[in-house]
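The values are calculated or read from the model by the stated rules, or taken from the named source; none is laboratory data. Treat the numbers as computed from the prediction; the structure is a model and nothing was measured. Please note: Cβ atoms are built from the backbone with ideal geometry, for glycine as well, and neighbour counts cover all protein chains shown. For accessibility, only protein heavy atoms count, side chains too; no ligands or nucleic acids. Shrake-Rupley method; radii C 1.70, N 1.55, O 1.52, S 1.80 Å.
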Amino acid sequence: MDVAGTSGGGSSLPSVGTDATKRKVCYFYHPTMGNFYYGNGHPMKPHRVRMTHALLEKYGLLRHMRILRPIPAHERDFCRFHADDYIAFLRTADPSVENNPATLRRFNIDDVECPIFHGLYKFCQLYAGASISAARQVNLDHYDIVINWSGGLHHAKKSMASGFCYVNDVVLAILSLLETRDRVLYVDIDIHHGDGVEEAFYTTDRVMTVSFHKFGGYFPGTGHIDDIGCDGGKYYAVNVPLDDGIDDESYLYIFKPVVAKAMEVFRPNAIVLQCGADSLSGDRLGCFNLSVRGHGECVKYMRSFNVPLMLLGGGGYTLHNVARCWCYETGVALGIEVNNKIPDHQYSEYFAPLYRIHLPTTNMTNKNSRKSLDDTIAKVLANLSKLQAAPSVQFKERSSPMDLDEIDEDEEDASESDE
């Protein structure tokens, strides 16, 4: 069932011309995603995805896009990238069972960063399944923009968890896109370096990774400007290191020319944008000073290239700001400006006392001088200029599409009423 109705979505991507107002948009959501809980005091809270969905519903944005419930990812999907023994461990992980300490160390599992919690494997299946499903909808040319706010867990490695991330849904989605697309551009606006995705594609010329992140004494410690890829992937890894307090003006000053050059030289057939909201002002773990509107301008800019676009979530640890941001950016994807006043709904108390989408940023010092930004831009653009032509392509055998279940509104309401 199409929840939005047959009139949902917009016109397809124009082949030429300026940015169109409408897009055919598909949104992936599973009503149980908000049930998962990392543990007391842990900053990662999947409940933020449910809060975002509640805002989308109250603002009426769900009527303007197709809503699909993903089929959970299977072990064979995970093992396209992840090691068999690591996935086997996740499949049987149980917080009530004592595990071998050496095994936990091997897979980087602990009680602080990447704990074992109830339903961990199901959690991985749902968020990764949504990203894989979204990629396959792009492959079928059914939608112009696909959205999975539960995804974007970009730190997970082939054989280990990292940074609250267990399975790298971004890598799995890109692998799916490469079944039908020559080249995929990955752009990451999370405050943390997109290390897991960069590492996965560091030696290939079919994926360009572009990460804008805090660098210097900050997790995960990677993403130096001189890390540019190697072998066949040389110059296809782009790192834009930033300092504390960067504001909208400075961020967009460096974001737009870097992305424009990447688009010019790489000419991707699909774009994956990781929209980590921990780069927002006031994030519990962040140190940037972006507004929701400034963060959303990055989405708007990527949308303007009229290339099939996947929007994923990522970091974000101040729940009400994450929901504000991803609701606003869903509106950007649809070409709809949401009202600044947040309507009354089940999570209204989270948005007190102002009840607004757009909040003022702080007066923190911006440590990114114009000279430092100019120097970074010059170096990044010089590296990108060394790519003279779009890379060659060698396709792999295409796998069969994953089946999709469309959300039944009554079933979704029943699921949420049981919580």
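Only one residue of L62, H192, S369 has its Cα farthest out toward the positive end of the dipole of the chain, where Lys and Arg carry +1 and Asp and Glu -1 on Cβ, and that residue is S369.
The listed residues D226, D144, once ranked by accessible area (1.4 Å probe) with the largest placed first, stand as D226, D144.
Counting only heavy atoms of the protein chains, get the accessible area per residue of the chain (1.4 Å probe) and round it to a whole Å² value.
39
For the chain, a Gaussian network of Cα nodes joined below 10 Å ranks A237, A93, A130 by mean-square fluctuation, and the top entry is A93. Distance between the 7 Å Cα→Cβ label points at D244 and T180: 4.7 nm.
The protection proxy used here, the mean number of other Cβ atoms lying within 10 Å of each residue, ranks peptides 358-365, 279-286, 332-339 as follows, highest first: 279-286, 332-339, 358-365. Largest GNM mean-square fluctuation among D190, D182, D110, using the chain with Cα springs under 10 Å: D110. In this structure, C79 and A382 have a Cβ-Cβ separation that, at R0 = 35 Å, corresponds to a calculated FRET efficiency of about 0.35.
The distance linking the range 274-298 with the range 137-158 is 20 Å (Cα centroid to Cα centroid, whole angstrom).
Among residues other than Y202 with Cβ under 15 Å from its Cβ, the summed charge is -4 (Lys and Arg +1, Asp and Glu -1). Calculated [222 nm] ellipticity per residue, helices only, for the chain: -10000 deg cm²/dmol; basis is -39500 (n - 2.57) per DSSP H run with n ≥ 4, divided by all residues, nearest 500.
Highest-first packing order for the peptide set 100-107, 160-167 is 160-167, 100-107, based on the mean count of other beta carbon atoms within 10 Å. Between V25, V299, V112, the Gaussian network model of the chain with springs among Cα atoms under 10 angstrom shows the greatest mean-square fluctuation at V112.
Within a straight-line Cα-Cα reach of under 28 Å, K214 can be paired with the following lysines, leaving aside sequence neighbours fewer than 8 residues apart in one chain: K45, K157, K158, K234, K256, K261, K300, K367, K371, K379, K386.
Once the Cα-Cα distance is subtracted from the 0.36 nm per residue extended length, the D374 to K122 segment shows a gain of 86.2 nm.
Applying both filters, DSSP loop and at most 11 other Cβ atoms within 10 Å, to the chymotrypsin sites (Phe, Trp or Tyr not before Pro) of the range 265-344 eliminates every site.
Would you work out what percent of the accessible area of the chain, with all protein chains in place, is carbon or sulfur (probe 1.4 Å)? Reported share for carbon and sulfur atoms: 49 percent.
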